[in-house]
Every structure is written in structure tokens, then in C-alpha cells.
Amino acid sequence: QVQLVESGGGLVQPGGSLRLACAASGNSISSYGMGWYRQPPGQQRELVASITGGGITNYADSVKGRFTISRDTAKNTVYLQLNSLRPEDTAVYYCNAQRQWQNYWGQGTQVTVSP
């Protein structure tokens, strides 16, 4: 089992940057596929970026070149660097850990992009 706690969200102007963090406890993040999802208001949750236990990354087309997922295994933390933010990036961002039939979520952190 793993517990996930997100942080780093906030209000930012278009073109700005944020760094989200997902601190894991209970098990090593290297044992899981880790991902960042987001849920805009009134819309379904969607995958933004993921990183496998082996370190392979994948991104949604809408964020390629702007967002970067990374991890620090010593801190057992996964990060999402958000650059060149747009109003359409406004959403609650969730951290996710998956392994076989196990699927864990954090509580989410709000990112609002507005002038």
C-alpha cells in the first residue's frame, strides 16, 4: 500500500510556471508506475504524464514540451514541472500510483491559470 500527498498548486498567470510534488509513503515509488492526472471543471479526469518504474516517461499531446515529470527516489517523491501555463490547464491535479491490480490516488491540488 502507498499513501500519496500532493502539493504545489496555486494561482498563476498565463505563461507562468508551477512545480507540483507528490510525496509517497508506505512503499517505494520505484515499485509503481506513477502518473499525474488532471480534472478540469465539469470534465473527466485525464492522464497528463506518467513515469514507469524503469524511468520511462510519457506525456499527453496537450502538454508535450511544456510539462516535465520526474522523480527523486531518495525523497520518494514525484514531481510535475508545469511551464508556459495556459488557462486551459486549469484543473485539479492528482497523483496516481499503479502496480498490477493496485491503484492509489492522492487528494489532489488545484491549479488555476488566470490573468
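The values are calculated or read from the model by the stated rules, or taken from the named source; none is laboratory data. Note that the structure is a prediction, hence the values are computed from the model and not measured. For neighbour counting, all protein chains shown are included, and Cβ atoms are generated from backbone atoms with ideal geometry for every residue, glycine included. To get the accessible areas, we keep the full protein, side chains included, count just its heavy atoms, and leave off ligands, DNA and RNA. Shrake-Rupley method; radii C 1.70, N 1.55, O 1.52, S 1.80 Å.
Kirkwood Rh over alpha-carbon pairs of segment 1-65, then Stokes-Einstein at 25 °C and 0.890 mPa s: what D in µm² s⁻¹, rounded to an integer? It would help to have the intermediate numbers written out before the result.
Details: Rh = 13.6 Å.
Once the numbers are plugged in, D ends up at 181 µm²/s.
Looking at the chain, what % of its DSSP beta bridges pair antiparallel, to the nearest 5?
About 95 percent, rounded to the nearest 5.
Please work out the C-alpha center-to-center distance from segment 1-23 to segment 91-115 and express it in whole Å.
9
Farthest toward the dipole's positive end in the chain, which of Y59, Y32, P87, given Cβ charges of +1 (Lys, Arg) and -1 (Asp, Glu) about the Cα centre?
Value computed over the given set: Y32.
Provide the per residue accessible area, probe 1.4 Å, for the chain, rounded to a whole number of square angstrom. Kindly include the intermediate steps, with their values, before the conclusion.
Details: 5850 Å² over 115 residues.
About 51 Å² of surface per residue is accessible.
Could you tell me whether segment 33-77 comes out rounded, prolate or oblate from its Cα gyration tensor? Rule is a ≥ b ≥ c as square roots of the eigenvalues, rounded for a/c under 1.5, then prolate if a/b exceeds b/c, otherwise oblate. Walk me through the intermediate numbers first.
Details: a/c = 2.37, a/b = 1.74, b/c = 1.36.
Here segment 33-77 falls in the prolate category.
For the chain, give the magnitude of the charge dipole about the Cα centre (Cβ charges: +1 Lys/Arg, -1 Asp/Glu; no others), in debye to the nearest 20.
Numbers: 9 positive and 6 negative charges, 29 e Å.
Dipole of the chain, to the nearest 20 debye: 140 debye.
If each Cα of the chain is one equal point scatterer, what is log10 of I(q)/I(0) from the Debye formula at q = 0.21 Å⁻¹?
With no solvent term, the Cα-only Debye profile gives -1.12.
Classify segment 57-115 from the C-alpha gyration tensor, please: rounded if a/c falls under 1.5, else prolate or oblate depending on whether a/b exceeds b/c. Provide the component values of the computation, followed by the final result.
Details: a/c = 1.87, a/b = 1.60, b/c = 1.17.
Prolate, because a/c is 1.5 or more and a/b exceeds b/c.
Using a 1.4 Å probe on the protein heavy atoms, what percent of the accessible area of the chain belongs to carbon and sulfur? All intermediate terms of the calculation are to be shown ahead of the outcome.
Values: 2740 of 5850 Å².
Carbon with sulfur: 47 percent of the solvent-accessible area.
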